[in-house]
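Step one of this worksheet: look at the structure below.
The values are calculated or read from the model by the stated rules, or taken from the named source; none is laboratory data. The structure presented is a predicted model; accordingly, all values stated were derived computationally and were not measured. Here the Cβ positions follow ideal geometry from the backbone for every residue, glycine too, while neighbour counts run over all protein chains shown. Areas reflect the complete protein model, heavy atoms only, side chains present, ligands, DNA and RNA absent. Shrake-Rupley method; radii C 1.70, N 1.55, O 1.52, S 1.80 Å.
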Amino acid sequence: MANEKRTITQLQEFHDSLVEDRSKRLGIILEEAAELGNEKPLFAQATERRAERLGTTPDHLLADYAKRIEESNYPSPYCWNPDEVQEFSATGRLSPEQSSHIETCQPCRSLLESSRLSLPRVEELIDNIRPLAAQSKAKHAIATGKVAVAGKRWAAAAANFLKTK
């Protein structure tokens, strides 16, 4: 219970510092800064909505978050940085060290899984690219005058279609 009260106090202090920063930034008094926009801070509103959905209280939810953050060891010195995630996304390959880390680090494993495209999403992207590629080839054929190249009759048809637009 003492930890929950300490956590709530810390969150209130954080909120107060945000209001103070807003006051300085906007050149208004603290009371006006606190009343700007919503009656409650956005994080408090979001916390209340989430707590209601989960059937708990906002204080309990915040205390649980604070506990999880305090106990978390993420990110560790071995966790992936954005460049490594991007490289994996491009190549699909992991070094032995990365493979070992992924086996023990759920946050990094989740990050990598979210960076991979699902097959339906890949198919959707390809379907969106095909017409653009055909349009680009047709425009190139028109620009270069190479519309009726043997075996490329589709380009001539596409070029003619574009001329009619």
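I'm told residue 66 meets every condition in (1) free of Cβ contacts under 8 Å to residues at least 40 places away in the same chain; (2) touching a Ser or Thr at 6+ places or on another chain (Cβ under 9 Å) except one. Can you identify the failing condition by its number?
Only one criterion is unmet by residue 66, namely (1).
Taking residue 54 and the conditions (1) out of contact with any helix residue (DSSP H, G or I) (no Cβ under 9 Å at 6 or more places or on another chain); (2) of a type in the set (A, V, I, L, M, F, W, C); (3) within 30 Å of residue 9 (Cα to Cα), which numbered condition does it fall short on, given that it satisfies the others?
(1)
Identify all residues within the range 98-148 that are touching a residue at least 12 places away in the same chain (Cβ under 8 Å), open to solvent by less than 50 Å² (accessible area, probe 1.4 Å) and farther than 26 Å from residue 76 by Cα; write none if there are none.
Passing the criteria: 134, 138, 141, 147.
Taking the residues in the range 66-94 that are in a loop (DSSP other than H, G, I, E, B) and of a type in the set (Phe, Trp, Tyr) as candidates, determine which candidate is nearest to the chain's Cα centre (by Cα).
80
The rows are residues; the columns are (1) more than 21 Å from the chain's Cα centre (by Cα); (2) not hydroxyl-bearing (Ser, Thr, Tyr).
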position: 100; (1), (2): yes, no
position: 105; (1), (2): no, yes
position: 112; (1), (2): no, yes
position: 124; (1), (2): no, yes
position: 130; (1), (2): yes, yes
position: 133; (1), (2): yes, yes
position: 142; (1), (2): yes, yes
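Please name all residue pairs, on different chains or six or more residues apart, with Cβ atoms under 8 Å, provided the first residue is in the range 39-57 and is more than 17 Å from residue 19 (Cα to Cα) and the second residue is hydrophobic (A, V, I, L, M, F, W, C) and surrounded by 14 or more Cβ atoms within 10 Å (Cβ to Cβ).
Close Cβ pairs (under 8 Å, with a partner that is hydrophobic (A, V, I, L, M, F, W, C) and surrounded by 14 or more Cβ atoms within 10 Å (Cβ to Cβ)) amount to 47/61; 47/62; 50/61; 51/61; 54/61; 57/51.
Name the single residue that is modelled with the lowest pLDDT among those in the range 29-48 being touching a helix residue (DSSP H, G or I) at 6+ places or on another chain (Cβ under 8 Å) and among the hydrophobic types (A, V, I, L, M, F, W, C).
Residue satisfying both the conditions and the ranking: 36.
Would you check if residue 20 is part of a helix (DSSP H, G or I), at pLDDT 85 or above and in contact with a helix residue (DSSP H, G or I) (Cβ under 8 Å, 6 or more places away or on another chain)?
yes
In this structure, does residue 91 turn out to be β-branched (Val, Ile, Thr), in contact with a Pro (Cβ under 6 Å, 6 or more places away or on another chain) and open to solvent by less than 70 Å² (accessible area, probe 1.4 Å)?
no
Kindly list the number of the only condition in (1) part of a helix (DSSP H, G or I); (2) under 30 Å from residue 3 (Cβ atoms) that fails for residue 135.
(2)
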